[in-house]
Each structure stands twice: as structure tokens, then as C-alpha cells.
Amino acid sequence: MSAVQNVIEMSGITKEFGTFRANDNINLDLKRGEIHALLGENGAGKSTLMNILSGLLEPTSGEIKVKGNLVKITSPDVANELGIGMVHQHFMLVDKFTVTENIMLGREKSKFGYIDKKSAEKEIRELSDQYGLKVDPSAKVENITVGMQQRVEILKTLYRGADILIFDEPTGVLTPQEIEELMGIMRKLTAEGKSIILITHKLDEIKQVSNRCTVIRRGKSVDTVDVSTTTQQELADMMVGRSVTFKVDKKPADPKGTVLKVDQLTVKESRGYDAVKEISFEVKAGEILGIAGVDGNGQSELIQALSGLTKSSSGKVHLAGTDITNKKPRKITEAGLGHIPEDRQKYGLILPMTLEENISLQTYYQKPYSNHGFLNYKEIKVHAKRLIEEFDVRTPSEEHTAASLSGGNQQKAIIAREIDRDPSLLIAAQPTRGLDVGAIEYIHKRLIELRDNGKAVLLMSYELDEVMNVSDRIAVMYDGKIISIVKANETNESELGLLMAGVPLAEAKKQVNEDGKEKVTVDSKS
Amino acid sequence: MNTIGILQLIVSSSLIYAAPLIMTALGGTFSERSGVVNIGLEGIMVMGAFMSAVFNIHYAATFGGWTPWFGLLAGGVIGILFSLIHAVATINLRADHIISGTVINLAAPAIGVFLTRAMFGAAQTGPLPESFGRDSFFLLDRIPIIGPIFFENTSGPAYFGILVSVIAWFVLFKTKFGLRLRSVGEHPHAAETLGIKVYAMKYSGVLLSGLLGGMGGAIQAQAIANEFGILTIAGQGFIAMAAMIFGKWNPLGVMGAAIFFGFAQSLSRIGVYIPIIQDIPAIWLLVMPYLLTILVLVGVIGRAEAPARLGTTYIKSR
Amino acid sequence: MLSIVFGFLFGAILMLAFGYNPLLAYDAMISGVFTSPYFMGEALRQATALTFTGLGFALAFKAGFFNIGVSGQALAGWISAIWVALILPDLSKFLLLPLCIIVGMLVGAIWAAIAGVLRAYFGTSEVIVTIMLNYTMLQLTNFIIRDVLTDGGNTSEMVGENASLSLSWLTALTQNSRLNAGIFIAIIVVILYWIFMTRTTAGFEIRAVGLNSHASSYAGMSAKKNIILSMFLSGALAGLGGAIHGLGTFGNIFTQGGLPEIGFDGIAVALLGLGNPIGIFFSSILFGVLDIGAGFMPNRAGVPDEMANIVTAAIIFFIGANYMIRYFIDKRAAKKQTSSSTQGGKV
Amino acid sequence: ACQGENAGDSSEGAGDSNDTDTEETADFKLGMVTDEGGVDDRSFNQSGWEGMQAWAEDNDLGEDAVKYYQSNDASQFVSNLNTAIQDQYDIIYGVGYQLAEAIDDVAENNPDQHFGIVDGAVDRDNVVSLNFRDHEAAYLVGVAAAHTTESDQIGFVGGQRGVVIDRFQAGFEAGVASVNPDIDVDVQYAESFADAAIGQQIAAGMFSSGVDVIYHASGAVGNGVFTEATDRMESDPDNQLWVIGVDRDQEELGEWEGGNLTLTSSLKAVGTAIQLASNEAMEEGFQGGENIVYGLAEDGVGITEGNMSEEAWSAVEEARQAILDGDVEIPETPEAE
Ligand SMILES: Nc1ncnc2c1ncn2[C@@H]1O[C@H](COP(=O)(O)OP(=O)(O)OP(=O)(O)O)[C@@H](O)[C@H]1O
Ligand SMILES: Nc1ncnc2c1ncn2[C@@H]1O[C@H](COP(=O)(O)OP(=O)(O)OP(=O)(O)O)[C@@H](O)[C@H]1O
Ligand SMILES: [Mg+2]
Ligand SMILES: [Mg+2]
């Protein structure tokens, strides 16, 4: 056995769902102590491949060797025994359970069936200290931040003694700080001899931490490359199969009159404390205002209040001249609001309904889609067909259910619906979450197009890149307040990062300048 | 009647009514905690009542005073068999839980009476030779005041139900099995990724509901009706379901809710002996248990939180 | 359809197991109903009431609610329709009959709406509330019959001709069965229900709220309004069924020991019809035939009439478990496919 | 008309062995439609059916001469009656007051068919009504109860309030009062004929308040009354409690370890009434339009000796004689409170 040993060797893996081939003769190997990135468009088959490795799916054909031995991974239990643990794209946590319960589930410490919570908690604390994974073992999962939920997921695999970890899009829901932290954790894990497969759509993350990268396109492996010698552009091109542009092309903004005016708005969170505290800001026609901030600083509540899904406790909101404070969602929509909701499956779509019904979800009661309370399916269909065509929503037909669409296409359908209503203000909350670069590119283009047509856009995203590239101005939220509003072209990532951490603007500028100097010196030395 | 007498009466007559409900509602709790709605409890009770009656009649000579307790087991066993139908239908065959439960409710009385006719030549079994009777708890009944109120000449099955509630609570919240069962009702996918056998857990939940529901029916037959007939189970399964929701799927809460139903029923029956209450017009007393339940639910308890994935079919990804 | 065949097959196997002759039993049932206009009329009459309660349950079910209270709501419709008819016996038929039906419908609707309101404003489980309201209505009805409609009696007077739903030609056609104008109301309501649910914005909203209440409120629909509305309409249908059952089948009301069967059978009918109004109508007829036909089994085939209920249960079971049937069909189709494709490969 | 060859199968119980074809022999035939509960309910319907079977045997008519139709729900009464009409019977009996309206209705449409209603009244030329002086039997058990109670507190548990149960209550109260007007009769209604748990709760309340004899007229609810009494007796055998059964001899329900606590049962001989009326109809022609009331005199109602003391029994005998002699007037409705 050589020093650099393959802990995983997957060869010729094929997985068919009915007649559809999600994985087609894929090969992948993972070396000990390596971080191996897996890159591919939405639906390329990455999760499928990893689900096979973690025992959730059985391959139609192909071989898997773990640490040199040919194995059949028939269940998650078997994967566990082999030391394979997976952090899933959609968290696999039981909301109503505590952190400890979630971690020990399936591997409970017990005497005669009676759970020994104390010793489990102790072990979790030790693990969490060892890897710097801060969690509160007795908190309920529904009450902790997304970042902590992720750490719980990682602890789950470590608790089971996994030394091969699979991360499926782990950063999609994290703040920059949390991402930074996660990268550190991953390095620490590999330093301890663990091996990691990382699925991500973010090329900079791949560059940052991984050693090698395997690119998958339409279920087939394209190539495995050494990350240090490959540029981001090359990776992206390989993935999509054509050349992609990253820079968002946009003219300078030409803001006109005020469209949205928020005045001293306060919103209580469902458990009763103020999540948004006396916020005031404006969005003008022809500009994109970005809202940056770490998850949980009141952004969601702000948007819920603006769109009428929750009530504010004080303050005023005006949209295009009408007072929409605490009005019902429909009134607000009619006053000119378009809204791409943060959680597309919970709020944006009625999954079991057809695409055409979903596309008219906001307008079904208006002419020509209905008349005196009767729906006009002819018009609804014509309209849906037009939008599907125009926004390139990939679906066999408008009569298929929204559930049958992939996430990216679901999002496109929502965007089509909201933009087509020609709203004077579009709120886009995390519009590209979990989408591949191609889809992201498209959505950004549409947002800017909207702006250029003289509409106002409010873009909320935890993705700093996105906020910086797409917005004209950026409002940074911290602890329920807007700590500062800066021009996008006059700021940088570090400054925003500090603002998001609650450092006031003047202070942040000062720090950034000092840091910059330091960095320059460090760089020049190396 | 003196105060202690009234109190003892209220307690014991509440427990009479509550005993079958407690067991059945606990059964429902296990099933729903595993994510399977079980509106078939009524039917399961019918089968439990039927089986225990048959057992009682056939084996009274063999087991003497212990017959009802073995009959309880027999009711539980048939309940398990019957709930197996529900389990197969909802878990493997992906049937809608409500449809399957309705099937059980439709089929059970028909089968019960069909078989009773076949075995006894009549639609009723006739009186059972051994019934549960009354129990006093050794020593506990000597405690002043509390003793006579709670532990003297009281319903054995009800205390059995209370004991089972405590065990059920312990099992559900303190053991490995309970944690796994609940995880399956909340997030079966997560459970599966952790190597938990989702189907097996769901089966356990449903079969436990059969066991306990069957026992509930057996209590109704052997402690109250003292026979089996089409009228032996007349809506108790539905009330038990209400108790389960009322008790928020927590065995102790469920037990409390069942006793509350017993209490409310009891007030309307024995209210005539209690000053003030006896002046309320009869119709109000009759509808009071139901209205009181609604009021308590609205005013005090509020929103009931069901297991997150209750009623949804889990499809293994393969 | 296949499920129905399987249901009957299952019943046949069970009968064989107990030494009965299933062919004789089914023959008794089918020919009992279908060779006599009278019993066909009776089967349709039974189907009439079930159509309403089935639609009532289905409507709430579509909106995401489990209205176990259709029984109580039907009873509410029944007692109030009869009550109105007895209070105003001299009103012309033109006014009285619609009035009775509308009042029955409204009372049923309000009774169900209580559960809707509590659900909307307090989040109270509609399952418990409707169960409790069922028993409340049962006691209330018996009380009204005894202490208001009669002087301590168990049976109210018969309603007058002006509140009767019977149509002489229909009665004559079916040799004096109690089939009445209710069947036409049922057909109309089936059509209206279909139009309402699939073609109106209100129906669209009810479906949307039932499928995803979050997205519905995002889209400007009021969850509260729709919860209450759907329970109201569900109760209205059940109440209508009760009113028509009362005026059409009985012409009076009597004290009862339990909730009317049409309620719980309505739930089964709704599940059998898979929530589709036309399906519900036909499954009501199937139920009607089974119900009436069952009466022939003990005498003509010596099979206890419980068998009919077992068959019904089996049919619903197979409909619920149609995944199994589909699975086997698919499997066979797949087998055929692979075998044919390998053949193709050889060529 | 087609009568199933196997019609005998449905007539379980007595005389089931004769399988020979007797289709043509029966020249007088009776049909019976049950009320909810079925023919084998060990009570009312069963008594009616057994009476019919006995009648067929007595008259050597073969088993095809009688047949029943079972109703599970009130809506089936009319269709069952019509099924019976198709099968051509000389008289079709409906058993139970619930069937009165249905018979009235069907009789109107079929003037040539003869009907009988048991425990109800239908005023038509082709209907005979058979009724019972339930209050006479109730009176007698009231006398028995009054002679048995030691606490001077007696309970009455009714099923659902209504004309029939009113007769029981009124007769019972009168019987008790005839012995000792100071005895307290605690009257409660379960408002159900089904839920035994309610019966048990009511009985628990009554016994706790000092009642030592309960008469029930409440169907399956009464099972709960018996259960409560036996439970109490078994845990405290020195404190003698009694229950009085209804409609048929309910002695078997009163068994407990130390004896039997069914004091007596009031009887209602539905079968006897049907036999008597049918014989009369066969011999003297149909009694259309009549309301024949069966009381103690006709053995239509009665009382079992049960476990009464001799003193009580002789008091009952005495009271019976007084009734037969027309010396006592028994009310049919309870006194208004
Ligand atoms: N259970 C399933 N049944 C049928 N098809 C499936 C199933 N799961 C996945 N697929 C198909 O397999 C393809 C690959 O899906 P997969 O989830 O592996 O994509 P992915 O590369 O992880 O995408 P993303 O980047 O969006 O996470 C999808 O396009 C989907 O059509
Ligand atoms: N159980 C299933 N049966 C059939 N198709 C499925 C199943 N599960 C998923 N799919 C298919 O998988 C596709 C994508 O599902 P998935 O949720 O993995 O999205 P995705 O690949 O992650 O897409 P995106 O990244 O755009 O969100 C859909 O087209 C859906 O039809
Ligand atoms: Mg994926
Ligand atoms: Mg995805």
C-alpha cells in the first residue's frame, strides 16, 4: 500500500431512475486526507452519486471500493460501518429534537433501552471542542441558526466515527463568516487524516480548499483536475460545456423617484421580540438596493412585513405613493409589489398544482384570467405558455405539476410570474439559492433588465458576491437595524463583512484600510 | 352525600368512562408519533372487544378471576392483527391513511357481528362469566381522605391505563425506541440516513396502536358492557382520537384528556347529586361534556401540534 | 373499477371460506335491486343522501380539513328542515319547500362553520371539534323532538304535502319507492360542485389553501376566510343532504340513538369517489345498491348482510391501496417490455 | 314470487333441521321486519321472531311460513317492508315503535296487504296494532322494589325519553308509591340505548347516593347498570344491591361471586302477542284497524319471581290480582314534576 492511498474508488457507477440515467458510468476516487470537489450543473447527478456512496441509493451498476476492499453499500448503516458520513444538501435534522438527540439518533447510548443523555452530551462536547464545532447540545434544532444546524450535521458524522465525509452544498445557506469557519473546519478534519468530498456550485470555494475536482455533466464524468493548476473560468466552462461570463454586465444606475419608502418600521418576530427595529430606508425607481447581513438579523422579517405576510408593530411603509402599512398581501401586490420569496417551495409555489395554475397564482382573480369569479383556463394557458417560453422554464408542458420541475426551473417559473406582472418594486429574496451558475447568470440578467426598465428592486441575499455584483446600493442589516447603506461600487468584501458583524461604518473603513496595508506587506514578503 | 363521597364518586365514575379511552388514545399516540394517522381506532376497539368477549366466555373456567386480564391480552393480540392491515396498507401499499382507517372502521363491526353470529347464534355474546370488577389498592386505600377517594373500590383497568401511560411516556421520551419512533414521525428521511429502519418503526407504531386499541376495546367489553355486541363500541374510538389530539400526542397529556372526558361525562350523569350543578337544565348537562371539551381546547390548550410528517406516506429512496 | 372487482372477489373468497355461496349472494343482491323498479328507486334514493354528505366531506378534505362532523351537520339540516316545515305548514309549496331546504343547508353550514372559525382563529383541531359537535347535535335534536316538536314523543309529525319532495311520476315509475326530487337536486349539485371547484376563483382558492396554506397567503388569499368558507360549504352540503333525507326519505324526524349513517357512509363515498364529484355520485349509487341489495342476501342466499359491509370495506381498501394494483400492472408491463426489447435486440 | 331455497338459513335456532321443500305447503305466512338491532338481539326482536317460529311449529306450517327482514338503519324500514310485500305474506309485522311511520306509509300504498305493528299504533284498516301494558309489569316490579329496599331509595334508569319508556317509568313509580309513598325514586335518563359506560356511571351515582334497587329500561345501557352492581357487590358483599331487568328475564346478567342480584325482570312477550294475534287472524279473520293491547291478563307482560323475598313475591301476587280485578289504575305517563 502506498502512502497516498485511495480511500474511495467508485468505478463505472450508473444509476437509472426508470428510463432516466442520472449517473452514467462515473468514476471517482478519493485520496486519504484530500478534499475532493464535485462540480456540476443542477441535476448533473452529484447528489445521486453521493447518495449511492452513503447507502441511500443502490447503483444500477458499478463498483465501489472502500479502503481497497470491494463493498456493497446497501444501507446507510453499512456506509456508517465503513466510516462514510454525509452532510446532506437539505439538512436531515429533526426540528423538534434537541441537538444531542439529533446527533445520537440511531447510535444512542443506552442501558436496557434507556437513553443515557448525559454521556452522549459529554461526548458531543468533546467532539465539538476537538474540531471547533460550537453547538448547544440541549437546544432544540428549530431554535438554532442555520450555521449551527450545519455543525450539528457534521457532528453527526463525526459522532459515528466517520473518516470519509461528504458535504453536499454545505455553504448554500451560510454567511461569509460561517463559510470561512467551515473551510477552517474542513482543513482541520483533513489534517486529522479524514477525507472529504465537497459538492458546491461556488468555484472560489473549490479553489480555496480543495485539492482535486471532478466535473460532472449530465450524469457523465467530464474530467478530474488538479485544482491548483486550473482556473475558475476553466472549471466553469468544463461544467457547462460552453464559455460562461461571471461579471455581471450592467450600466450605471439611473435612479428616479422613490418607489418604496420605509419609515421607522418595527416588526416582532413570532416569539415576540423585535426582529426589525425602527428601520427606515428608500428604494428608488431604476435602482437595485441590496440587503446584506448575516442570516437571522431581521432580513426575513423585514421582507415578510413589507409583503404583508406578517404585521409590523409600528412604523409606516409606502409603495409607489400608497400607504401599504399592515395591508393584506393582496392589497400590497396590487399596489405594485412583486415578490420572489425566500423559500420557494413553501411560499412561492403550490407544488401539487399545475405549472399554469402556479403561474397565475397572483393574477387568477383578475381579468382576463377570470371573469365574475369564473376562471378562464384558455387565457391562463396562453399566458403560461408565453412565460414558459419567454423565461425558458424547462418542463414537458404547462399542465405538469410544479413539483415535477427541478429547483432551478421552479425558481424561473416564480420569477417569470413576478416580473411579468410589471411590478414597480420587486423584492427578490435569495433568488439564486442552490442554483447553478448558468441559472444564476440568467436570473441576475433579468433583475438588471428590470432595473433598466425603471423599476425598483430590493435584493436580499446572504451571498456577498451576489449583493455586490448586482446591487447599486447595499444596506447592511445587523441586529434588526440597518447599520449602514453603502454604494456597491465604493465598498469591498472586507468592509461589508465588518459591517455585517456590527462594526460601524467609520470604524470598518479604518480597519479595512489597516488590514489592507498589512495584507500588502504580507503579500510582498511571500 | 358528603363531600368525600361525592369526590369518590366523581373520581371513580370518571375513571370508569376513561379506562377504555386511555388505552386506545395511547395506541393512537404511538401510531401517530410514527407518522401514521389511525382513525381506525374505533374498528380496532370493536375487534378487541369481540376477541376479549370470546376469550372470556371460553376460558373463564380455566383462568377464573384472571380471565379478564388474559382477555385483555387476547383483545390486544387481535388488535395487532387488525392493525397489521392498516400498517401494510399505509406503509407498503401507500394507501391514504384515512381511507385505510375508514376501511377498518367499516369492516370491524361487520366482521365482529358476523363472527358472533357464527359462534353464538346471536348478534350478542351474552354476559361474560368474569369481569374486571372493582379493586382496592393494598395499603394505599388506607391513606386518609386520599385513600377512599382514589384507591378504594375503584377501576382496576383505569389504573392499569394510568400505569401504561407512564410507561408509554417513558418509552416515548426516554428510550432509544421512543426517540427513533418519534424521529420517523417527524423526519423519516433524516431517520433513514441515520440507519433507522423507517418501515420497521412505523410498523411498531401502528402495531402498538393495535395492541393498545384492542386492549381498550377489551376493557370496554369486560369492565363495562360485560358482553360483546354491535353497541359495545359506540364511538369510543373517535373520542379516544379526540383525547389523543387533546393530549397533544403526549402519553401523560393523553391520559389527562381521557380522564377529562370521563370527568365531563360523569358530571352530566352524577351532577344531580352535586349542589348548583343539579339546577342546570338536563339538556345542558347532556351536551356539556362536548361543549366543555371545545371550550377547554379553545381557551386553555390552543393549537395542537401534530408530528411533522403525520399522514404522509414515506417512500424509501432506492 | 378494478378495485370494485377486487372488492367483490375478496368478498366471494370470504364467503367461500365460511361455506356460503358467493354467486347466489351476489345474484340475490344484484337481481334484487335491478329487477325491480322499486328497489332501483330505493337504491337511488339512498344514493341521493350519500352524494350530498360525500360531497360535503370531499370539499373540506380538498381544503385540507377532516370534517368528521358531516353526520352531525346532516342531522342539523334534517331537524331544521322538518322544523320549518312543521312551523309553516300553510305556506305554499313554492315557498315552503325551498325555504326548508335552504334553512337545513344553512343550519348545517353554520354548525360546521363553528369548527372552521375555531380552527381559523384559535387553531383548534377541527377533528375534535366536529366530533364533539356531532354528539352535541345528536342530543340537541333528540331534545328538540321531544320537548319542542312533540310533547314527550319520539317521532315528529309528518310534514305536509307542501314540504314534500316526492314527485308522483317518479314514485309511480319506481312502484312507490321513496325516490324523490332530491336526486335531481343531487345531480345539479354535483355539476355545481364541479364547476365551483375547478372553474371558479373561490374553488381555486380552496384547493390552493388545502395544498399549501403558506403559498396561498403569499398569493393574497386569506387562509382564515378559506378555512371558514370551506367548512361552511362542507356543512351546507351535509345539511342539504340531511334536509333532503328528512323531507324526501322520511318526511319527519325521530329520536335517534346514534348519528345518522349517511354521515359516515358519506365519508366512505367521498374516499371511494376520490374526491371527484362525478366519482362521488357514482360511488353513492354503488353504495345505494350495496345497501339496498344487502337486504336480499340473508333471505335469498342465506348470507348475513354484514357481508355487504365487508365487501364495501374491501372495495375501499383496494381503491386506497391502488398503488399495489398499479405496481403489479406496471411490473407486468415492464416485463413485457423487457422481453420484447430483448427480442428486438436479437433481430 | 321467488323465495330463496335457503331461506331456512336465516332462521337460525329452533327447528332448523327440516330441509325438505315446503314451499307450497304454507297456506298462511308471516313476515317480520325488525327494528335496529336485528333478530338475534336477545331481546325485543328476538322474542318476536321466536314467537313467530313457535307459531309456525304449533300450526304445523313448516319453516317457510315465517321469515324476517333485518333493518340496520331507520331508512331501511320502508324498503324492508316492501321486500316483504314482494315475498307475499298474509301479515307483515313491524317490531318496534320506530316502524310505525313506515308501516303507516307502506300500508297506505298497499291497501290489500295486511300489516301488524308491535309496540306502536297505526290507524288503518289493513293494520293491526299490538301493544303492551308495560306499565302493569313496571308497576309490579315497582312493588317488588319497594318491598325490597332497605334504604327507601330506589333508582330508575331510562334509555331515551319517550312514550314507551314513559310507561315504564310511570308504572314503576306508581308501583313503588303504592307500597310506600315516602320512598324516593331517583329517575335518570342515559339518553342512549347503547353506551353501557353511561349506565355504569349513572348506577354508580345512584348507589353512592344510597339507592339499593335500580330498575332499568335502557337496552344495552342497562349492561352498565348490572356491571356496576355486580362490581360493588363483589367488593362489598354485605351491602346488598339489586337490579331489576327489563323485557326478558335478565337473571343471567345479575350473576356475581356470591349469588345473583337480579331482583326480578319485567317481561314483555312480543312473541306471545304475535302468536295470539296471528292465530286469531288465521281463525277469525284479520283484525284490521284494531289496537289490541296485551297486559297481565293476556300474559302479554309479566314478571319473574327472580330472587325476591317471599314477602315481596306475595305482595306482587296480590298486586297482580288487584290489577287483574281492575282495582288499580296505573298511569301511563309520569307525573309532571
Ligand atoms: N428519486 C429520483 N427519481 C427519479 N429521478 C431522480 C431522482 N433523484 C434524482 N433524479 C434525477 O437525477 C438527476 C440528478 O439529480 P441530483 O440530485 O443528483 O442532481 P445534482 O447534481 O445533485 O443537482 P443539484 O446541483 O441541483 O443538487 C436529476 O436531474 C433528477 O432528474
Ligand atoms: N422521486 C422522484 N421521482 C421522480 N422524479 C424525481 C424524484 N425526485 C426528484 N425527481 C426529479 O428530480 C429533478 C430534480 O430534483 P431535485 O430536487 O434533486 O432538484 P435539483 O436537481 O437539486 O435541481 P435544482 O438544483 O435546480 O434545485 C426533478 O426534475 C424531479 O422531477
Ligand atoms: Mg444535489
Ligand atoms: Mg439542488
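The values are calculated or read from the model by the stated rules, or taken from the named source; none is laboratory data. Please read all numbers here as calculations on a predicted model, not as lab measurements. All Cβ positions, even for glycine, are placed from backbone atoms using ideal geometry, and neighbour counts span all protein chains on display. Protein only, heavy atoms only, side chains kept; ligands, DNA and RNA dropped before computing areas. Shrake-Rupley method; radii C 1.70, N 1.55, O 1.52, S 1.80 Å.
Ignoring everything except DSSP H segments at least 4 long, calculate the 222 nm mean residue ellipticity for the protein assembly as shown; use -39,500 (n - 2.57) per segment, divide by total residues, nearest 500.
-16500 deg cm²/dmol
Compute the distance in nm between two label points, each set 7 Å from the Cα along the Cα-to-Cβ direction, one at C:Leu99 and one at C:Ile278.
Output for this residue pair reads 3.9 nm.
For chain B, with a Gaussian network of springs between Cα atoms less than 10 Å apart, report the residue from B:Thr125, B:Thr62, B:Thr232 with the top mean-square fluctuation.
B:Thr62
Grab the beta carbon distance between A:Ser243 and A:Lys65, set R0 = 41 Å, and tell me the FRET efficiency rounded to 0.05.
0.65
In whole percent, what relative contact order does the stretch A:348-422 give with Cα contacts below 8 Å and a gap of six or more residues?
40 percent
Compute the convex hull volume of the Cα atoms of chain A, divide it by the residue count, and report the result per residue in Å³ as a whole number.
Each residue corresponds to 180 Å³ of Cα convex hull volume.
For an R0 of 60 angstrom, estimate the FRET efficiency from the Cβ-Cβ distance between B:Phe173 and A:Lys256 and round to the nearest 0.05.
0.50
Roll a 1.4 angstrom probe over the protein heavy atoms and tell me the percent of accessible area of the stretch D:154-285 that is carbon or sulfur.
Within the stretch D:154-285, the accessible surface is 42 percent carbon and sulfur.
Taking 0.36 nm per intervening residue step and subtracting the Cα-Cα distance, what contour gain separates D:Glu283 from D:Asp238 on full extension?
Taking 0.36 nm per residue and subtracting the Cα distance, the gain is 10.6 nm.
Alpha carbon centre of the stretch A:457-495 versus the stretch C:231-259: separation in Å?
Result: 63 Å between the Cα centres.
Given the protein assembly as shown, what percent of its DSSP beta bridges are antiparallel, to the nearest 5?
Antiparallel bridges: around 45 percent, rounded to the nearest 5.
In Å² (nearest 100), what accessible area is buried between C and B, both sides summed, heavy protein atoms only, 1.4 Å probe?
3700 Å²
Can you compute the charge dipole magnitude of the stretch C:2-324 about its Cα centre, using +1 on each Lys and Arg Cβ and -1 on each Asp and Glu Cβ, nothing else charged? Give it in debye, rounded to the nearest 20.
800 debye
How large is the convex hull of the C-alpha atoms of chain C per residue, in Å³?
185 Å³
Around A:Ile166, which amide H atoms from residues at least 5 apart in sequence, or from another chain, sit under 5 Å from its own amide H, with H modelled in the peptide plane?
Residues meeting the amide H criterion: A:Gly85, A:Met86, A:Val87, A:Ile197.
At what distance in nm do the modelled label points of A:Glu180 and B:Met119 sit from each other, each positioned 7 Å from its Cα along Cα→Cβ?
7.4 nm
Residue by residue, what Karplus-based ³J(HN,Hα) values in Hz, rounded to whole numbers, does the stretch A:393-407 have, using 6.51, -1.76 and 1.60 with θ = phi - 60° and x for Gly and Pro?
For the stretch A:393-407, the Karplus curve yields 7, 8, 7, x, 6, 6, 8, 6, 6, 4, 5, 7, 8, 6, x Hz.
On a full-extension model of 0.36 nm per residue, what is the gain between A:Asp95 and A:Gln233, subtracting their alpha-carbon distance, rounded to one decimal in nm?
45.8 nm
Which percent of the Cα-Cα distances in the stretch A:348-422 go past 17 Å?
The answer is 35 percent, as a whole percent.
Top mean-square fluctuation among C:Gly266, C:Gly64, C:Gly257, Gaussian network model of chain C, C-alpha springs under 10 Å?
C:Gly257
Sorting D:Asp195, D:Asp27 by accessible area (1.4 Å probe), largest first, what list results?
In descending accessible area the options line up as D:Asp27, D:Asp195.
At D:Glu332 and A:Asp29, where each label point lies 7 Å from the Cα along Cα→Cβ, what is the point-to-point distance in nanometres?
My value for the distance between the label points is 10.3 nm.
What does the convex hull of the Cα atoms of chain D come to per residue, in Å³, rounded to a whole number?
140 Å³
Read phi for every residue in the stretch B:153-161 and hand back ³J(HN,Hα) as whole Hz from Karplus 6.51 cos²θ - 1.76 cosθ + 1.60, θ = phi - 60°, with x for Gly and Pro.
6, 10, 7, x, x, 5, 5, 4, x
For chain B, what mean projected area does the convex hull of the alpha carbons give, in nm²?
Mean shadow area of the hull around the Cα atoms is 17.8 nm².
Report, for chain D, the % of DSSP beta bridges that are antiparallel, rounded to 5.
Just about 10 percent of them are antiparallel.
Please give the total accessible area that chains D and C bury against each other, computed with a 1.4 Å probe and expressed in Å² to the nearest 100.
Summing both chains' loss of accessible area gives about 2700 Å².
Let me see the pair-distance distribution of the protein assembly as shown: every alpha carbon pair, 20 Å bin width, integer percents in order.
9, 31, 32, 19, 8, 1, 0
Under 19 Å Cα to Cα from A:Lys117, which aspartates and glutamates show up? Leave out anything in the same chain fewer than 8 places away.
Partners found: A:Asp95, A:Glu101, A:Glu108, A:Glu126, A:Asp129, A:Asp136, A:Glu153.
Using r as the Cβ-Cβ distance of A:Lys316 and A:Tyr377, and R0 as 30 Å, what FRET efficiency do you calculate, to the nearest 0.05?
Approximately 0.15, to the nearest 0.05.
Only helices at least 20 Å long along their axis, Cα-based, and averaging -1.0 or more on Kyte-Doolittle count here, so list those DSSP H runs from chain D.
Span-like helices in chain D: D:134-148, D:163-179, D:221-235, D:270-284, D:310-324.
Give the peptides B:216-228, A:362-374 in descending order of average Cβ contacts within 10 Å, highest first.
Averaged packing, sorted descending, gives the order B:216-228, A:362-374.
Quick one: which of B:100-110, A:120-130, D:132-142, B:5-15 comes out on top by average Cβ neighbours within 10 Å, and what's the full order, highest first?
D:132-142, B:100-110, B:5-15, A:120-130
Summing both sides, how much accessible area is buried between B and D? Use a 1.4 Å probe and give Å² to the nearest 100.
Approximately 2800 Å², summed over both chains.
Hey, what's the stretch C:2-324 come to in accessible area per residue, 1.4 Å probe, Å²?
Computed with neighbouring chains in place, this is 31 Å² per residue.
Using a 1.4 angstrom probe on heavy atoms only, work out the carbon and sulfur share of the accessible area of the stretch C:146-227 in %.
Carbon plus sulfur share of accessible area: 61 percent.
Just how far, in whole angstrom, is the stretch A:173-246 from the stretch A:7-62 if you go by their alpha carbon centroids?
Here the answer is 16 Å between Cα centres.
Per-residue mean of other chain beta-carbon atoms within 10 angstrom of the beta-carbon, peptide D:183-196?
Whole-number average of other-chain Cβ neighbours for D:183-196 is 5.
With everything on Cα atoms, drop me the angle between helix B:198-219 and the longest principal axis of chain B, reported from 0 to 90° to the nearest 10.
The angle comes out near 20 degrees.
Within the stretch A:350-391, what residues put their amide N at less than 17 Å from the label point 7 Å along the Cα-to-Cβ vector of A:Lys445?
The answer is A:387-391.
Would you mind getting the accessible area per residue of chain A, heavy atoms of the protein chains only, 1.4 Å probe, in Å²?
Accessible surface, normalised per residue, equals 42 Å².
Work out how much length B:Ala200 to B:Ile4 would gain on full extension: take 0.36 nm times their residue separation and subtract the Cα-Cα distance, in nm to one decimal.
Stretched out fully, the B:Ala200 to B:Ile4 stretch lengthens by 65.7 nm.
In a GNM of chain B with a 10 Å cut-off on Cα contacts, which of B:Ser52, B:Ser268, B:Ser165 has the highest mean-square fluctuation?
B:Ser268
So which residues in the stretch B:161-180 end up with at least 40 square angstrom less accessible surface once the other protein chains are there, compared with the chain by itself, probe 1.4 angstrom?
B:Lys174, B:Lys176, B:Leu179, B:Arg180
Run through every distinct alpha carbon pair of the stretch D:226-271 and return the Kirkwood hydrodynamic radius in angstroms, one decimal place.
By the Kirkwood definition, the hydrodynamic radius is 10.8 Å.
For q values of 0.10, 0.11, 0.23 Å⁻¹, compute log₁₀ I(q)/I(0) with the Debye formula on a Cα-only model of the stretch B:213-318, without solvent.
The computed values of log10 I(q)/I(0) come out as -0.40, -0.48, -1.26.
Quick one: with all protein chains in place, what share of the accessible area of chain A is carbon or sulfur, to the nearest percent (1.4 Å probe)?
49 percent
Counting heavy atoms of the protein chains only and a 1.4 Å probe, report the per residue accessible area for chain B as a whole number of Å².
Per residue, chain B has an accessible area of 32 Å².
Pop out the ³J(HN,Hα) list for the stretch C:285-294 in order, Karplus 6.51 cos²θ - 1.76 cosθ + 1.60 with θ = phi - 60°, rounded to Hz; leave Gly and Pro as x.
Once θ is set to phi - 60°, the couplings for the stretch C:285-294 become 5, 4, 4, x, 5, 4, 5, 6, x, 4 Hz.
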